[in-house]
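Inspection log for the structure reproduced underneath, given as structure tokens.
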Amino acid sequence: MDKAMVFFSVSEIKIKTAQHILKEAGIVSFTIDKKDSAHAGLFGDIELYVEEDSQKEAHKLLIEAEILEK
């Protein structure tokens, strides 16, 4: 299956909250941390991915939880 990015943030707390919401709904997610470790996390972000076939549902859930804006 292909993966789709549904959210990105510099905040690890926001990413963990989004992951929890998706997990509660039965949607498996994973992250890719693209922060630059040489600069104490000042550059880059953390990306949250789901299976492509779960993308619409994940997006809907994150909007309802006010993690994403419409």
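The values are calculated or read from the model by the stated rules, or taken from the named source; none is laboratory data. The structure displayed is predicted, hence computed values, not measured ones.
If you go through region 53-70 and pick out every residue that is among the polar types (S, T, N, Q) and under 15 Å from Phe8 (Cα atoms), you end up with 1. The set of residues in region 9-51 that are among the aromatic types (Phe, Trp, Tyr) and modelled with pLDDT under 95 contains only Phe43.
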